[in-house]
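The structure appears below as structure tokens.
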Amino acid sequence: MSKLVSLKHFIHKTICIQESRIDRLLGCRDLKRRYADTFGQDPDLKTPSGFSEKVQWRKLNDRNPYFPVFADRLRCREYFKTQLGDQQANDLMPRLLWHGAASADIPFDDLQAGAILKANHGSGWNVRLEPGEIPDQKAVRRKCDAWLGKIFGQEMHEWGYRQARPLLVAEEMARQDDGGPISDLKCFVFNGKIGFLYVVQYSTGNCGLFRPDWTRLDASLHLLRGHSYGVLGDIPIPPYFSELKEVALRLGSGFDMLRVDFLVSDNRFWLGEITVYPTSGNGYFDPPAFEQEAGDMWTLPSKG
């Protein structure tokens, strides 16, 4: 990382952490405002009951030492190996093509077969390098420098990201056998049990929620007020579903709630990431009864 980008990261991190502390001293006004923008009321931070309320509680109170591990992509890959063993983890993880601290070192020539370039220390910070396409290298490097100059999630009180290292990661692009787009499958694991899961089909922009036996849930996910997925039509149970659930349980074992994310094609799956703060607690399930049902699956720990 260049000295200028490193200085920007230090300044941004210092400012964001101080703003987060000030917001807590002021009664978490920003956190409550964001939640109220979705739910129309402040969260109950003392005795939360709904799923998203409990995410807010976790952000403020739970300092589990594994949360920074999950927020750091490279450290999370090591966690996968610890829980699954090197062979299974390596078989399931997208191949790591490169990682480094400076955008100037991105080996574009080595990534021509296609890759996903990501920030190690954030969520949603990624660039697709499509096979055979010639990327605007200057534009990609500028975007990467912007990521490296920031700390993720502190305005949202997402404590786990504070220790994530500002690095860049390039992974092999997971695809269908015919080169088509894949989907996401996200498992919500509560105290060693899968409560429910959802599939996001990026080729259509649709989403469907399921119980662990692949029974369809009459519920939908909204990332933010006014930003919703379409409804996913009926899809067959994946042939690898039992194995995927076993992996999710092994990765989520010992935690009150983790969302274990996978990339999935028609005939196989890959490890994605582990999410500690789903939608930062500002998305919601509809109808409200399922928001509460999901909250009832989650037993919070004591503060600490």
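See the values below:
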quantity: Filter result for Lys54 (within 25 Å of Gly100 (Cα to Cα), surrounded by 13 or more Cβ atoms within 10 Å (Cβ to Cβ) and out of contact with any His (no Cβ under 8 Å at 6 or more places or on another chain)); calculated: no
quantity: Condition check for Ala119: in contact with a helix residue (DSSP H, G or I) (Cβ under 7 Å, 6 or more places away or on another chain) and either of a type in the set (A, V, I, L, M) or surrounded by fewer than 19 Cβ atoms within 10 Å (Cβ to Cβ) (or both); calculated: yes
quantity: Top-ranked residue in region 30-63 [being assigned to a helix (DSSP H, G or I) and among the β-branched types (Val, Ile, Thr); ranked as modelled with the highest pLDDT]; calculated: Val55
quantity: Qualifying residue in region 7-16 (condition: over 30 Å from Ala104 (Cα atoms) and assigned by TED's automatic domain parsing to the domain that holds Glu155); calculated: no
quantity: Odd one out for Ala104 among (1) modelled with pLDDT of 95 or more; (2) among the small types (Gly, Ala, Ser); (3) surrounded by 15 or more Cβ atoms within 10 Å (Cβ to Cβ); calculated: (3)
quantity: Subset of region 289-299 that is within 11 Å of Phe51 (Cβ to Cβ) and touching a residue at least 60 places away in the same chain (Cβ under 8 Å) - its residue that is surrounded by the most Cβ atoms within 10 Å (Cβ to Cβ); calculated: Ala294
quantity: Which listed residue, of Pro212, Pro238, is under 28 Å from Ile116 (Cα atoms) and part of a loop (DSSP other than H, G, I, E, B); calculated: Pro238
quantity: Residue tally, condition part of a loop (DSSP other than H, G, I, E, B) and crowded, with 20+ Cβ neighbours inside 10 Å, over region 123-149; calculated: 1
quantity: Single residue of region 154-180 satisfying the filter (of a type in the set (Gly, Ala, Ser) and at pLDDT 90 or above) that is surrounded by the fewest Cβ atoms within 10 Å (Cβ to Cβ); calculated: Ala174
quantity: Lone unmet requirement of (1) at pLDDT below 95; (2) at negative phi for Gly27; calculated: (2)
quantity: Filtered residues of region 139-187 (kept if closer than 30 Å to Arg33 by Cβ, in contact (Cβ under 8 Å) with a residue 12 or more places away in the chain and more than 17 Å from the chain's Cα centre (by Cα)); calculated: Lys143, Leu148, Gly149, Lys150
quantity: Any hit, region 188-201, residues being more than 29 Å from Arg95 (Cα to Cα), without any contact (Cβ under 8 Å) to a residue 24 or more places away in the chain and not small (Gly, Ala, Ser); calculated: no
quantity: Residue match in region 259-276 (condition: part of a loop (DSSP other than H, G, I, E, B), at pLDDT below 95 and small (Gly, Ala, Ser)); calculated: no
quantity: Residues within region 231-260 that are of a type in the set (Asp, Glu) and crowded, with 17+ Cβ neighbours inside 10 Å, tallied; calculated: 1
quantity: Members of region 150-177 found to be not aliphatic (A, V, I, L, M) and not in a helix (DSSP H, G or I), listed by number; calculated: Lys150, Phe152, Gly153, His157, Glu158, Arg165, Pro166, Glu171, Glu172, Arg175, Gln176, Asp177
quantity: Region 184-207 - residue that is over 21 Å from Thr299 (Cα atoms) and modelled with pLDDT of 95 or more and, of those, surrounded by the fewest Cβ atoms within 10 Å (Cβ to Cβ); calculated: Asp184
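The values are calculated or read from the model by the stated rules, or taken from the named source; none is laboratory data. All values derive from a computational prediction rather than experimental measurement. Cβ sites come from the backbone with ideal geometry, for glycine too, and all protein chains shown count toward neighbours.
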